[in-house]
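A quick write-up on the structure given underneath.
What follows is calculated from the coordinates using simple rules that are stated; it is not laboratory data. Because the structure is predicted, anything quoted here is derived from the model rather than measured. Virtual Cβ from ideal backbone geometry, glycine too; neighbours counted across all protein chains shown.
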Amino acid sequence: MSDRRLPSSPGFWRSPLRGPWFTSVLGLVLLAGITVLFVTGLVSYAAYNPGLTPVNDQTPGKGILGFYLFDWPTRPRWLYRLTQGVHVTLGITLIPVLLAKLWSVVPRLFALPPARSLTHALERISLLLLVGGGLFEFVTGVLNVQLDYVFPGSFYPLHFYGAWVFFAAFAVHVALKLPTALRHVRRARGADGEPTPKREEGDLVSPRPDPPSVSRRGALWLVGGG
C-alpha cells in the first residue's frame, strides 16, 4: 500500500472537488479563451510596428512564423484598441481559470511511474511545454502590463515566440483531450445537476475525499468571480 503522506499517493489528495467534470469544464473555458488570446496576440504583433511597407513587422529572424503578417489597416482608427484591449483584458480575466485548472490536475504531476510507456512519456513532455509555456505567457504578459521588465531580453519577441511554442503544445493537448472532455461534461449528472464523486472515475477522483465545503458548481462560481 502506498504511503498516504506522500504526494504520489492518490490518498494524499483529499479534495472532493477534483474530478474529470470539473477539470473538463475549466478546460473548455480555456479552449475558447486561449484561442481568442492567440488570434488577438498575432493581430497585435502584425500591427505593432506600422510603417509604409508591404508588411508592417520588421522583426529580424521571425522566419516562417511571420507567414501571416499583413499591411495593418488605417481604418477604423479604434481597431487596434479593440484587439489589444480584448487581448489584455481577457488574458487577465483567464488567470483564475488557469490557476484552477492547474490545481485540478496537480495530482498527475506526482503520479508514479513518471512514464508508463513511450506514448505516455511523449504526452508528459508535451505537458511540460503546455504548462511551462502557459505560465510564461501569462506571467510575461502581466509584467508587460505593469511595465516591469525583469525578464531577460525584449518582451516583444519573447512573448511572440513563447506563444507559438505554447499554442503548438496547446493544439496537441486539445486534439488528445477534447473528445474526453466533452464526454465528461455530457455524462449523467446527479439530482442537483452536477456530477458527484460516486458517479466519476479516474486518477483525479480521491479514493477517500474530505466532506465537501462547497459544491463543484459553487467552485466554478468562485473561479468566475475571481
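Relative to a virtual label point 7 Å from the Cα of ARG208 in the Cα→beta-carbon direction, which members of the stretch 13-42 show backbone nitrogen distances below 14 Å?
Answer for the stretch 13-42: 13-15.
Can you compute the modelled spin-label distance between PHE155 and LEU128, with each label point 7 Å from Cα toward Cβ, in nm?
Once both label points are built, they end up 2.9 nm from each other.
Over all distinct Cα pairs, what is the inverse of the mean 1/r for the stretch 93-165, reported as the Kirkwood hydrodynamic radius in Å?
Its Kirkwood hydrodynamic radius stands at 14.0 Å.
Placing unit charges on C-beta atoms (Lys and Arg positive, Asp and Glu negative, everything else neutral), compute the dipole magnitude of the stretch 75-128 about its Cα centre in debye, rounded to 20.
260
How many nm is it between the label spots at THR35 and PHE110, if each spot is 7 Å from the Cα in line with the beta carbon?
Modelled inter-label distance: 3.5 nm.
Work out the FRET efficiency for VAL86 and LEU118 from their Cβ-Cβ distance, taking R0 = 35 Å, and round it to the nearest 0.05.
0.30
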